[in-house]
Amino acid sequence: MSGSTPFKMRLVHLDLKGAPPKVSYLSEIFPLFRALGANGLLIEYEDMFPYEGPLRLLRAKYAYSPSEIKEILHLAGLNELEVIPLVQTFGHMEFVLKHAAFAHLREVGPFPCTLNPHEAESLALVGAMIDQVLELHPGARWLHIGCDEVYYLGEGEASRRWLQQEQNSIGKLCLSHMRAVASRVQARRPSVTPLVWDDMLRDLPEDQLTASGVPQLVEPVLWDYAADLDVHGKVLLMQKYWRCGFLRLWAASAFKGATGPSQAVPPIKHHLRNHVQWLQVAGSRPTDSLQGIILTGWQRYDHFSVLCELLPAGVPSLAACLQLLLHGGFDEDAKAKVENLLGISNLEMMDPVRQAPCSPPRPIPPSPSFSPLPPPVETAVLSRALCREGAGSFPGSNILALVTQVSLHLRSSVDVLLEGNTYITGWFSPYHRRRKLIHPVMVQHIQPAALSLLAQWSTLVQELEATLQLAFYPDAVEEWLEENVHPSLQRLQALLQDLSEVATSPPPPPPPPTSPGRDAVQDP
């Protein structure tokens, strides 16, 4: 299958710091990953790992149990997917350093993102985390230790003092911690090779990298998720790393989670272009110059950000990107293979920028006449059959269909009603609503349309909630609905509540009589 691809390893990244899938869903999706061309997984557990002892407080409410971790590894093995666990050990440590018990280990007191590399307790902490993760991954050949985006490094008090010493630098400080963590991994399990994200290494001088000892301990993962990735610049960076002594390099692309922190459906064309560029990078070097590629699928930009694309929503993008890597490009054969494996009629319909056939019709502007009957109102909720036609038969395809409808049409349909309906903007404006003023006949014009729109969306959302619960834990379902659904429905509900109150409230008192003249209001 992989004869034409320069990437002998193709790993799907599971970012579990947001909306982690239930094991039952993973059992359904792993065979599809394999069929699409993946042969490995990078699992970023974060707070979903079942830490024990003093680290137990790191667990999320619905963290996997040890038996579930073993089941995930068993399922991966059945589908010939090699698992590489990821443990953050420097930056992106919010899930650890947010806790009061570990707050004293922050590089900068107010910010829980970066670990203080000067404290011996810091290395002991990440060492304990690594030990527990490796214990449950006895067959792992690699362990990803993160080390990306180490924000505010050098700004802590201990770092400032250290940097005042001659020949000390932030780069040297970063390399020192990487070396300590990597050495800890190899002391614990000599057969395991640490991987690191490469962004903290890119701009370091070659002599500093070479002298650090880090190239003999870790394999860098060069990541870039841009559609206009600088191919020549990446080739030069690879050459730099080889000159510094790194023996193997990896690439990292993205199939979702890289085009906006609140993106709901990934733009497939963007991600395909990203992979085309990575193929060009790999093709400019000797065969096997890159150990493999990690197709990242970020679920949050960091521990505190909102959810981006859910895993089922990213499957068509992942499928297209994997097939592009296998075919050396995204030709008609690759497209047909994706459509066949996913059970979709047209892959282009899966891209949010190509959703014209599923766009809601614009409402006909109503006449501001005092008709006793409401004019016809065209809602933005489409026939589910229309939008789901060709949505697919892969695990989670129903989630994708419903999420797409919500993300593309819910807010806009409510906006059209509240801001484009002449009866509402002309006779039930915020001014009227605050003062509970309305011409009684206008209730007949406004209320049926609002009730109809709310009913249709409520039915769809109930189905979406039930579908999400099959794949995700309750907290993820609640968060996604609260972020993406509730604000729009609450606007509709508030309108109907105001209509109800004004319809049942007594008419306002008449204004006071007009004064007959200036003398009439003078004091006697």
**Request:** Looking at (1) more than 25 Å from Asp230 (Cα to Cα); (2) among the aliphatic types (A, V, I, L, M); (3) not in a helix (DSSP H, G or I), find the lone condition where Leu295 falls short.
**Result:** (1)
**Message:** Pull out all pairs, ordered by first then second residue, where Cβ-Cβ is under 9 Å, the residues are six or more apart or on different chains, the first lies in the range 273-298 and is outside the structural domain of Lys17 (by the TED database), and the second is assigned to a helix (DSSP H, G or I) and acidic (Asp, Glu).
**Reply:** none
**Item:** Verdict on Glu44 being farther than 21 Å from Val181 by Cα, in the same structural domain as Lys256 (by the TED database) and in contact (Cβ under 8 Å) with a residue 12 or more places away in the chain
**Value:** no
**Prompt:** Right, Glu166: at pLDDT 95 or above and either of a type in the set (D, E, K, R) or more than 17 Å from Gly91 (Cβ to Cβ) (or both) or not?
**Reply:** no
**Message:** Checking Cys244 against (1) within 29 Å of Gly154 (Cα to Cα); (2) within 29 Å of the chain's Cα centre (by Cα); (3) crowded, with 20+ Cβ neighbours inside 10 Å, only one condition comes out false. Which one?
**Reply:** (2)
**Request:** Restricting attention to the range 154-177, report how many residues are touching a strand residue (DSSP E or B) at 6+ places or on another chain (Cβ under 6 Å) and open to solvent by less than 60 Å² (accessible area, probe 1.4 Å).
**Result:** 1
**Item:** Looking only at the range 18-31, and only at residues there that are assigned to a loop (DSSP other than H, G, I, E, B) and not hydrophobic (A, V, I, L, M, F, W, C), the one that is surrounded by the most Cβ atoms within 10 Å (Cβ to Cβ)
**Value:** Pro20
**Asked** How about the range 79-105: which of its residues are assigned to a helix (DSSP H, G or I) and in contact (Cβ under 8 Å) with a residue 40 or more places away in the chain?
**Response** Glu94, Phe95, Ala101
**Request:** Quickly run through the range 298-335 and pick out the residues that are closer than 21 Å to Ala401 by Cβ and assigned to a loop (DSSP other than H, G, I, E, B).
**Result:** Gln299, Leu307, Cys308, Glu309, Leu310
**Complete:** Exactly one of Tyr62, Tyr51 is surrounded by fewer than 22 Cβ atoms within 10 Å (Cβ to Cβ), within 22 Å of the chain's Cα centre (by Cα) and not in a helix (DSSP H, G or I), and that residue is Tyr62
**Request:** Assess whether Ser191 counts as being more than 23 Å from Gly146 (Cα to Cα) and open to solvent by 50 Å² or more (accessible area, probe 1.4 Å).
**Result:** no
**Fill in**
Of the candidates Arg56, Arg34, the one satisfying the condition of being outside any strand (DSSP E or B) and free of Cβ contacts under 8 Å to residues at least 12 places away in the same chain is Arg56
**Message:** Kindly evaluate Val150 against the criterion of being part of a loop (DSSP other than H, G, I, E, B), in contact with a helix residue (DSSP H, G or I) (Cβ under 8 Å, 6 or more places away or on another chain), within 17 Å of Ser122 (Cβ to Cβ) and touching a residue at least 40 places away in the same chain (Cβ under 8 Å).
**Reply:** yes
**Item:** Which numbered condition Val133 fails, given (1) open to solvent by less than 10 Å² (accessible area, probe 1.4 Å); (2) touching a Gly at 6+ places or on another chain (Cβ under 6 Å); (3) not charged (D, E, K, R)
**Value:** (2)
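The values are calculated or read from the model by the stated rules, or taken from the named source; none is laboratory data. These numbers were taken from a predicted model, which means no experiment stands behind them. Note: ideal-geometry Cβ built from the backbone for every residue, glycine included; neighbour counts use all protein chains shown. For the accessible areas, the whole protein counts, side chains as well, though only heavy atoms, and no ligand, DNA or RNA atoms are used. Shrake-Rupley method; radii C 1.70, N 1.55, O 1.52, S 1.80 Å.
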